[in-house]
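Participant: Can you read through this structure? Questions will come right after.
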Amino acid sequence: MPVHNADIAAIFEEIADLLEIQGANPFRVRAYRNAARTVGDYGRDLAGLIAKGQPLPKIPGIGDDLAGKIHEIAATGRCSFLERLHRELPAAVTELLKIPGLGPKRVKTLYEQLKVQTLPELQAAAQSGRIRELAGFGEKTEQHILAAIGAQASEARRFKRPVAAQYAEALAAWLAGVAGVERVEVAGSYRRRRETVGDIDILVAARSGSPVMQRFIGYDEVRDVLAHGETRASVMLKCGLQVDLRVVEAAAFGAALHYFTGSKAHNIAIRKRAQERGLKINEYGVFRGENRIAGETEDSVFAAVGLPWIPPELREDQGEIEWAMRAPLPKLVERAELKGDLHCHSRASDGHASIEAMALAAKARGLDYLAITDHSQRLKIAHGLDSGQLLRQMAEIDRLNEKLRGITLLKGVEVDILADGSLDLPDALLGQLDLVVGAVHSRFDLPPARQMKRLLTAMDHPHFTLLAHPATREIDRRPALELDWLKLIRHARQRGCFLELNAQPERLDLFDIHCRMAKEEGVLVAINSDAHKEADFDCLDYGIGQARRGWLEAKDVLNSRSLAQLRPLLRRTM
Ligand code: DGT
Ligand code: CA
Ligand code: CA
């Protein structure tokens with residue numbers, strides 16, 4: 001079995017989790033987490049290089065010790081250090097980490113104080129009310145745990161966008177090359193740009209006799225063929241992702257694309273409209289009696305039921321059909337409309353590149369401005385900057401701005417919002433920056449009312465500009481804060497602050513519904529990469545997908561403004 005970078009990354013991530021449960025030094029834990037990310041995102045196949053006898057390239061954050069482990073994993077598929085950790089801890093403990101809201105710290109407490117090692121033991125402990133007694137847990141957490149165990153049992157695993165994209169795009173490109181194939185489109189939740197997908201749905205238009213079905217089930221990454229007929233098949237890939245394929249004739253492609261794009265709720269609402277007009281609609285077309293009156297394009301399908309084409313991101317039966325009947329649909333924001341990025345890190349805190357390198361990477365991706373927002377001092381684990389370091393960085397940015405052409409750097413900081421809502425750097429200093437990005441990185445467990453107060457107090461600060469990743473959720477890892485969103489958004493408007501849509505694919509925070517709420521309340525959203533290295537600017541595209549699901553247009557997006565338009569918006573007047 002070949003070892004992929006993702007396999008190495010998964011081993012490092014597991015080591016970090018187990019070390020944290022053991023209470024190891026946080027810097028050591030962080031080193032493994034960073035290494036997991038770096039290796040996972042690394043473009044070239046490391047095991048392949050090693051197999052060819054080539055030396056490992058110099059990778060930031062990968063020292064001799066980690067390089068040695070990469071060699072071992074590449075050669076054997078195993079890591080003796082991880083195996084040692086496994087011997088020191090019961091195997092099932094890592095299962096507990098899969099419950100959203102249970103990080104290594106809490107798992108450690110559960111394991112040490114309640115001897116909880118498995119999911120059934122966790123469920124029993126929650127049901128008998130023993131978990132709420134533990135320091136830092138409470139009744140709410142206990143209920144969350146029970147709900148999460150229930151949800152996990154009922155819902156199969158979902159995949160985040162980068163993994164889904166990697167497999168879907170490669171497979172679609174491969175199918176496009178098969179003889180007789182006229183069109184290929186990835187449909188389903190992937191096309192609707194949901195933040196995670198349950199499976200991949202691929203639609204192909206092919207001439208009769210095309211070997212596309214055979215080629216699909218023979219694809220290199222296929223582990224099992226789950227079902228296989230003339231026009232449809234389902235396979236399980238080696239990575240655990242299921243792919244459904246439908247093959248149709250070109251004359252039905254639009255109808256099939258609409259049907260398999262979904263969502264199911266949207267489809268049902270459209271079918272009802274068709275029935276009201278005496279029409280029948282299915283994946284083969286729109287029919288009046290026996291006559292197919294539409295089906296070759298999606299446009300024709302919508303037109304047959306009296307609607308304009310609706311972008312896939314809106315097809316959730318969340319009012320898009322009613323809206324389209326009354327008024328033009330929003331012209332959803334596109335990646336090319338972003339003029340800058342207001343949140344990124346450099347080597348000065350936990351980023352991997354110099355400020356100049358980040359600036360050049362942003363420029364190469366068509367951005368006109370970039371705010372450098374390294375962490376503040378409280379976040380020691382990310383080497384947060386103190387006042388002196390930030391002042392020196394501001395001087396460095398001035399020097400770079402004189403030299404750089406075609407991109408302007410803005411001086412910022414990602415300042416920690418402390419538990420009482422105060423900010424982690426002195427006012428006088430924050431006032432000298434172009435923008436202050438505030439973020440919660442600790443005390444996710446505060447009671448909801450105190451958490452709200454914390455955020456509102458932070459926004460009251462005269463220099464506060466932008467609330468980063470407002471819900472603080474990480475998909476599969478940390479649940480969203482329980483916030484009164486309308487109140488938060490209205491407070492932002494009143495204070496002249498903005499909300500971030502963090503484009504990191506494991507965050508995608510704001511949620512789509514809160515983007516839409518911000519738009520309705522007139523609060524601009526900044527779609528930011530939170531880049532920690534040059535390649536991370538490509539994440540902006542995930543943010544665009546989420547923004548489009550939230551009905552955002554360029555006018556609703558702070559960083560679609562030119563630098564000249566942006567500057568006065570960043571200057572707080574209240
Ligand atoms: P996922 O895979 O859970 O992320 O979500 P989807 O939306 O990709 O769902 P999936 O893969 O089960 O089905 C793909 C599309 O096929 C779905 O969005 C709409 C359509 N579809 C599936 N089942 C039904 C159904 O029972 N009725 C209708 N009208 N459409 C359906
Ligand atoms: Ca799907
Ligand atoms: Ca499917």
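The values are calculated or read from the model by the stated rules, or taken from the named source; none is laboratory data. Bear in mind that the values here come from a model prediction, so they are computed numbers and not experimental data. Using ideal geometry, Cβ is built from the backbone for each residue, glycine included, and neighbour counts are taken over all protein chains shown. Note: accessible area is taken over every heavy atom of the protein model, side chains too, but ligands, DNA and RNA are not part of it. Shrake-Rupley method; radii C 1.70, N 1.55, O 1.52, S 1.80 Å.
Participant: Quick test for you: out of Val286, Val248, Val243, pick the one residue that is modelled with pLDDT of 95 or more, open to solvent by less than 40 Å² (accessible area, probe 1.4 Å) and within 13 Å of ligand 3 (Cβ to nearest atom).
Facilitator: Numbers: Val286 fails: within 13 Å of ligand 3 (Cβ to nearest atom); Val248 fails: within 13 Å of ligand 3 (Cβ to nearest atom).
Result: Val243 is the single residue among Val286, Val248, Val243 that is modelled with pLDDT of 95 or more, open to solvent by less than 40 Å² (accessible area, probe 1.4 Å) and within 13 Å of ligand 3 (Cβ to nearest atom).
Participant: Now for a different question. Given Ile270, Ile202, Ile217, which one is within 23 Å of Trp174 (Cβ to Cβ), out of contact with any Cys (no Cβ under 9 Å at 6 or more places or on another chain) and within 12 Å of ligand 1 (Cβ to nearest atom)?
Facilitator: Working: Ile270 fails: within 23 Å of Trp174 (Cβ to Cβ); Ile217 fails: within 12 Å of ligand 1 (Cβ to nearest atom).
That would be Ile202, the only listed residue that is within 23 Å of Trp174 (Cβ to Cβ), out of contact with any Cys (no Cβ under 9 Å at 6 or more places or on another chain) and within 12 Å of ligand 1 (Cβ to nearest atom).
Participant: Applying the selection to segment 516-574, what residues are of a type in the set (D, E, K, R) and assigned to a loop (DSSP other than H, G, I, E, B)?
Facilitator: Initially, segment 516-574 is screened for residues of a type in the set (D, E, K, R), giving 516, 519-521, 530, 533-534, 536, 538, 541, 548-549, 553, 555-556, 561, 567, 571-572.
The answer is Asp530, Lys533, Arg561, Arg571, Arg572.
Participant: Step by step: first the residues of segment 81-121, then only those that are open to solvent by 70 Å² or more (accessible area, probe 1.4 Å) and under 22 Å from Ala6 (Cα atoms), then the one that is modelled with the lowest pLDDT. Which residue is that? Please lay out each step first, then the result.
Facilitator: Narrowing segment 81-121 to residues open to solvent by 70 Å² or more (accessible area, probe 1.4 Å): 84, 87-88, 91, 95, 98, 105, 112-113, 115, 120-121.
With the extra rule that they be under 22 Å from Ala6 (Cα atoms), the set shrinks to 84, 91, 95, 98.
Working: Arg84: 91, Ala91: 68, Glu95: 77, Lys98: 78.
Applying the filter and picking the extreme gives Ala91.
Participant: Does Ile131 satisfy being assigned by TED's automatic domain parsing to the domain that holds Ala51 and either modelled with pLDDT of 90 or more or under 30 Å from Leu46 (Cα atoms) (or both)? If you could, list the steps in order and put the result at the bottom.
Facilitator: On the way: assigned by TED's automatic domain parsing to the domain that holds Ala51: yes; either modelled with pLDDT of 90 or more or under 30 Å from Leu46 (Cα atoms) (or both): yes.
Spelling it out, Ile131 is indeed assigned by TED's automatic domain parsing to the domain that holds Ala51 and either modelled with pLDDT of 90 or more or under 30 Å from Leu46 (Cα atoms) (or both).
Participant: If I ask for residues that are under 24 Å from His345 (Cβ atoms) and open to solvent by 50 Å² or more (accessible area, probe 1.4 Å), which ones from segment 11-33 would you list? So that I can check it myself, show each step before the final result.
Facilitator: Narrowing segment 11-33 to residues under 24 Å from His345 (Cβ atoms): 12-13, 15-17, 19-20, 25-33.
Passing the criteria: Glu13, Asn25, Pro26, Phe27, Arg28, Arg30.
Let's see how each residue does on (1) among the aromatic types (Phe, Trp, Tyr); (2) open to solvent by less than 40 Å² (accessible area, probe 1.4 Å); (3) farther than 23 Å from Cys497 by Cα:
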site	(1), (2), (3)
Ile397	no, yes, yes
Arg405	no, no, yes
Gly412	no, yes, no
Asp420	no, no, no
Val436	no, yes, no
Met452	no, yes, no
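Participant: Follow-up question, since we're still on this one. Among the residues in segment 204-225, are any polar (S, T, N, Q), more than 16 Å from ligand 2 (Cβ to nearest atom) and free of Cβ contacts under 8 Å to residues at least 40 places away in the same chain? Let's see the steps before the verdict.
Facilitator: Keep residues of segment 204-225 that are polar (S, T, N, Q), which gives 208, 210, 214.
Right, trim to more than 16 Å from ligand 2 (Cβ to nearest atom) and you get 208, 210, 214.
Still in the running and free of Cβ contacts under 8 Å to residues at least 40 places away in the same chain: 210, 214.
Scanning segment 204-225 turns up at least one residue that is polar (S, T, N, Q), more than 16 Å from ligand 2 (Cβ to nearest atom) and free of Cβ contacts under 8 Å to residues at least 40 places away in the same chain.
Participant: Name the residue, out of Val436, Val440, that is within 19 Å of the chain's Cα centre (by Cα) and aliphatic (A, V, I, L, M). Lay out the reasoning, then the answer.
Facilitator: Working: Val436 fails: within 19 Å of the chain's Cα centre (by Cα).
None of the others qualify; the one that does is Val440.
Participant: Also, quick follow-up: I'd like the full set of residues that are among the polar types (S, T, N, Q) and under 24 Å from Glu298 (Cα atoms), limited to segment 197-228. First the steps, then the outcome.
Facilitator: At the first step, the residues of segment 197-228 found to be among the polar types (S, T, N, Q) are 208, 210, 214.
Ser208, Ser210 - these are the residues of segment 197-228 that are among the polar types (S, T, N, Q) and under 24 Å from Glu298 (Cα atoms).
Participant: For Ala170, indicate whether it is in contact with a helix residue (DSSP H, G or I) (Cβ under 6 Å, 6 or more places away or on another chain) and either at negative phi or within 16 Å of ligand 1 (Cβ to nearest atom) (or both). Write out each step before concluding.
Facilitator: Working: in contact with a helix residue (DSSP H, G or I) (Cβ under 6 Å, 6 or more places away or on another chain): no; either at negative phi or within 16 Å of ligand 1 (Cβ to nearest atom) (or both): yes.
Against the criterion (in contact with a helix residue (DSSP H, G or I) (Cβ under 6 Å, 6 or more places away or on another chain) and either at negative phi or within 16 Å of ligand 1 (Cβ to nearest atom) (or both)), Ala170 does not qualify.
Participant: Go through segment 234-267 and give me each residue that's away from ligand 1 (no atom under 11 Å from the Cβ) and of a type in the set (Phe, Trp, Tyr).
Facilitator: Phe253
Participant: I'd like to verify a number: residues in segment 185-200 that are farther than 16 Å from Tyr259 by Cβ and more than 8 Å from ligand 2 (Cβ to nearest atom), how many?
Facilitator: 4
Participant: Looking at Glu500 and the list (1) surrounded by fewer than 20 Cβ atoms within 10 Å (Cβ to Cβ); (2) within 25 Å of the chain's Cα centre (by Cα), which single condition is not satisfied?
Facilitator: (1)
Participant: Quick one: count up the residues across segment 173-199 that are over 14 Å from the mean Cα position of the chain (by Cα), part of a loop (DSSP other than H, G, I, E, B) and within 13 Å of ligand 1 (Cβ to nearest atom). Even if it seems obvious, please write down each step before you answer.
Facilitator: First pass over segment 173-199, keeping only residues over 14 Å from the mean Cα position of the chain (by Cα): 173-189, 191-192, 198-199.
So of that shortlist, the ones also part of a loop (DSSP other than H, G, I, E, B) come out as 177-180, 187, 192, 198-199.
If we keep only those that are within 13 Å of ligand 1 (Cβ to nearest atom) as well, we get 187, 192, 198-199.
Summing the residues that are over 14 Å from the mean Cα position of the chain (by Cα), part of a loop (DSSP other than H, G, I, E, B) and within 13 Å of ligand 1 (Cβ to nearest atom) in segment 173-199 gives 4.
Participant: Could you check segment 1-62 for helices (runs of 4 or more DSSP H) lying wholly inside it with 2 or more residues that are more than 22 Å from Val93 (Cα to Cα) and among the β-branched types (Val, Ile, Thr)? Explain how you work it out, then say what you get.
Facilitator: Numbers: elements: 5-21, 26-41, 46-51.
Correct list: 26-41.
Participant: Next up: Does segment 161-175 contain any residue that is surrounded by 18 or more Cβ atoms within 10 Å (Cβ to Cβ), within 13 Å of ligand 2 (Cβ to nearest atom) and aliphatic (A, V, I, L, M)?
Facilitator: yes
Participant: Please state which of the following conditions Met236 fails to meet, knowing it meets all the rest: (1) surrounded by fewer than 18 Cβ atoms within 10 Å (Cβ to Cβ); (2) hydrophobic (A, V, I, L, M, F, W, C); (3) more than 14 Å from ligand 2 (Cβ to nearest atom).
Facilitator: Every condition holds for Met236 apart from (3).
Participant: Here's another thing I want to ask about it. Looking at segment 257-314, which of the residues that are of a type in the set (Asp, Glu) and touching a residue at least 24 places away in the same chain (Cβ under 8 Å) is farthest from Asp244 (Cα to Cα)? Working first, answer last.
Facilitator: Within segment 257-314, the first condition is being of a type in the set (Asp, Glu), and the residues that meet it are 276, 283, 290, 296, 298-299, 313.
If we keep only those that are touching a residue at least 24 places away in the same chain (Cβ under 8 Å) too, we end up with 283, 296, 298-299, 313.
Details: Glu283: 15, Glu296: 21, Glu298: 20, Asp299: 24, Glu313: 20 Å.
Checking each candidate, the answer is Asp299.
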